[in-house]
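Report on one structure; see the data block that follows.
The values are calculated or read from the model by the stated rules, or taken from the named source; none is laboratory data. Everything quoted here is computed from the prediction, not taken from an experiment. Note that we place each Cβ from the backbone using ideal geometry, even for glycine, and neighbour counts take in every protein chain shown.
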Amino acid sequence: MIYSESLNKFYTGSCEDLSIRIAQHNAGRNKSTKPGIPWIIKHTEIFNSLKEARAREAQIKKMKSRKYIESLINSAL
């Protein structure tokens, strides 16, 4: 999960290489995250496959809850 302070918004996604993906977000290459530059990494989870990561991403998005996202971030601290 990444966070934009200027938008006060979280974005949840999945990828194979986090450093490349965050660079793409901060370079404005993603239409949905471009307005929130700069984005900072707030929470990560590691999976054995992209399929597993995408399933977890869908689970998090299905919750549709900022409180849930914030609890994930706080539990990892």
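Points to keep in mind about this one:
- Matching residues, region 48-74, being touching a residue at least 12 places away in the same chain (Cβ under 8 Å) and either assigned to a loop (DSSP other than H, G, I, E, B) or among the hydrophobic types (A, V, I, L, M, F, W, C) (or both): Leu50, Ala53, Ile60, Ile69, Leu72, Ile73
- Flag for Asn30 being modelled with pLDDT under 95 and part of a helix (DSSP H, G or I): no
- In region 1-35, the residue that is farthest from Ile46 (Cα to Cα) out of those that are touching an Asp or Glu at 6+ places or on another chain (Cβ under 9 Å) and of a type in the set (Ser, Thr, Tyr) is Thr12.
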